[in-house]
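For reference, the structure discussed in these notes is given below.
The values are calculated or read from the model by the stated rules, or taken from the named source; none is laboratory data. Worth saying up front: this structure is predicted, and the values here are computed from it rather than measured. Here the Cβ positions follow ideal geometry from the backbone for every residue, glycine too, while neighbour counts run over all protein chains shown.
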């Protein structure tokens, strides 16, 4: 009954179902596992009125070619439209090269390749060596490049999914919350955009904690979109701002990008500082933790423009900071929770300007902040 209720909910809200498969490594134990999986799929098949109404994705984690083939055939027997992801969750050279055999012989059946990359895995938080933080900046892209090399993939024809990932967070719950990192996540999204077609998030803190009960610090193993009681974390707003961007890039450098066209364009400026998270919670002052920028847009089309200016920084959208401000020794009541959720949002300013030739704009951007200035020319 719980399964049926879940399926009804997913179809009603047009949410896809992803199933992560970690079959037994021995074929003897796999027989019973296969039979139980058959019962599950048979029930799903018979309960669904329209099988195609369920967007089904299966993430298979195995380096046994026979087991992989058996699972693919089983799922496609009941759901021919299922998408198959070969999950390289281990990521070691030995594991990936073993997976290469499966990819070589079943490439037509594999829609995607899944992998994980967590910057915290390569950091010794007991060390104050700053060089390791500099090396971690490109960890996700470097790991993807390495996996492609091991798999013998030189083109972009095979899409990748980043299932579990994280930026540097520190190795405690406190540093994970206090270390504001929207700019770092935004920078990662831009760098991953070319080679990775999908990325994974944890839905919320509670589900993440339950799933990782055996882990010392669950938050290190992924990024949560929500915290508790429907509170949106900065990662949610970062992803929402990224989704607003036009696909057409007019200009880009290391911390600025312009997208859109000459009648409607977006100027995006971000700050991404990669350093030990412990250093960020010892200095409560914001007086020196910012940078100033001046950008000039020459030869702009003359006319009236509407400007929407979004700001996501430590003062606008940082849930943990607001949560601490209103929390008490016995927690928060519903009225307080609702208020915290209402006020924890990026800042939005609206203005209008008349442009004759050049647009001059001055910005003050805090550490790991994101600002998007959207210019839309009125039709006159």
Residue 373: within 29 Å of the chain's Cα centre (by Cα), surrounded by fewer than 10 Cβ atoms within 10 Å (Cβ to Cβ) and not in a helix (DSSP H, G or I), yes or no? no
When you scan region 259-278, how many residues do you find that are in contact (Cβ under 8 Å) with a residue 24 or more places away in the chain and closer than 28 Å to residue 168 by Cβ? 13
Restrict the check to region 333-346 and report whether at least one residue is at pLDDT 90 or above, in a strand (DSSP E or B), assigned by TED's automatic domain parsing to the domain that holds residue 263 and touching a strand residue (DSSP E or B) at 6+ places or on another chain (Cβ under 6 Å). no
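Among 141, 128, which is the only one that is over 25 Å from residue 200 (Cβ atoms), touching a residue at least 24 places away in the same chain (Cβ under 8 Å) and assigned by TED's automatic domain parsing to the domain that holds residue 176? Talk me through it step by step, then tell me what you get.
Numbers: 141 fails: over 25 Å from residue 200 (Cβ atoms).
None of the other options fit; the residue is 128.
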Quick check on region 8-21. Is at least one of its residues in contact (Cβ under 8 Å) with a residue 60 or more places away in the chain, assigned by TED's automatic domain parsing to the domain that holds residue 195 and surrounded by fewer than 15 Cβ atoms within 10 Å (Cβ to Cβ)? yes
Restricting the search to region 158-180, which residues are outside any loop (DSSP other than H, G, I, E, B) and over 14 Å from residue 114 (Cα atoms)? 166, 173, 174, 175, 176, 177, 178
From the set of residues in region 107-129 that are assigned to a helix (DSSP H, G or I) and touching a strand residue (DSSP E or B) at 6+ places or on another chain (Cβ under 8 Å), which is surrounded by the most Cβ atoms within 10 Å (Cβ to Cβ)? 119
Filter region 130-157 down to residues that are at pLDDT 80 or above and not in a helix (DSSP H, G or I) and give me whichever is surrounded by the most Cβ atoms within 10 Å (Cβ to Cβ). 153
